Amino acid sequence: MKSTRHCCASDPPQNGERRTWLTSAVMGHTARGAIKGAIDNVELGNLTGLLATIKPAVAATQYSGERSSKNAAFVDAVARSNVKLTIDTIRSGSPILADLEKQGKIRIVRSMYNLANGAVTFME
């Protein structure tokens with residue numbers, strides 16, 4: 001049986017090893033102030049540009065409840081949408097990374113960090 005170990009590009013495979021590539025995780029987190037600011041259309045100096053990059057996630061979030069920054073469930077849903085859109089941007093903006101992912105040499109995954117309990121959840 002061949003062994004598998006995590007490695008980097010500068011670390012060549014050794015005697016019969018299969019090479020695996022490390023996973024790259026794009027991680028959002030709960031209770032994001034920036035997400036709340038984007039939901040509320042806040043304009044605040046240099047942060048205005050950052051909040052503008054999050055607004056597409058607000059629009060893309062499918063949510064049937066109250067769409068407000070005071071609704072923690074909606075804020076978390078927007079944060080999850082923002083992570084997904086960020087990965088979509090990485091894939092579309094970098095043909096090299098997209099190709100490596102298609103070849104199975106890298107993985108780009110979504111995750112969320114819960115600030116209340118420290119748990120990290122990986123999403124499909």
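Since every read-out is calculated from the coordinates, none of them should be taken as a lab result. Predicted, not measured: the structure shown is a model, and the values here were computed from it. We place every Cβ from the backbone using ideal geometry, glycine too, and count neighbours over all the protein chains shown.
Figures for the structure shown
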item: Cut-off 15 Å between beta-carbons: net charge of the residues surrounding residue 80, Lys and Arg +1, Asp and Glu -1; result: +2
item: Packing rank of 25-36, 102-113, where each peptide gets the mean count of other beta carbons within 10 Å, highest leading; result: 25-36, 102-113
item: Under 23 Å, Cα to Cα: Lys pairs in the stretch 14-107, sequence gap 8 or more or different chains; result: 8
item: Gain on full stretching of the segment that runs from residue 120 to residue 25 - 0.36 nm per residue minus C-alpha separation; result: 33.1 nm
